[in-house]
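Trainee: Encoded as structure tokens, here's the structure I'll be asking about.
The values are calculated or read from the model by the stated rules, or taken from the named source; none is laboratory data. Quick caveat: nothing in here was measured; it's all calculated off a predicted structure. In this analysis, Cβ positions are derived from the backbone assuming ideal geometry, glycine residues included, and neighbour counts consider all displayed protein chains.
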Amino acid sequence: MEPRKHYTKEFKLDAVSLVLDQGLTIAEAARSLGIRANMLGRWVRESRGG
């Protein structure tokens, strides 16, 4: 099992920005960044206060 990766706050904000500001779907943005869509979805929900 691989150790968990830790992402910087800046990386997370940039990733969320791809979805909220640039209009990419969560799946598209996650694929382009090489991360899991469910993780990016969680970051987007958290950024919206959810």
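Trainee: Can you list residue pairs whose Cβ atoms sit under 9 Å apart, with the first residue in the range 12-40 being basic (Lys, Arg) and the second being at pLDDT 95 or above? Count only pairs 6 or more apart in sequence or on different chains.
Mentor: LYS12/LEU40; LYS12/TRP43; LYS12/GLU46; LYS12/SER47; ARG31/ALA37; ARG36/ALA30
Trainee: Can you pull out every residue in the range 9-50 that is over 10 Å from the mean Cα position of the chain (by Cα), charged (D, E, K, R), assigned to a loop (DSSP other than H, G, I, E, B) and modelled with pLDDT of 95 or more?
Mentor: ASP21
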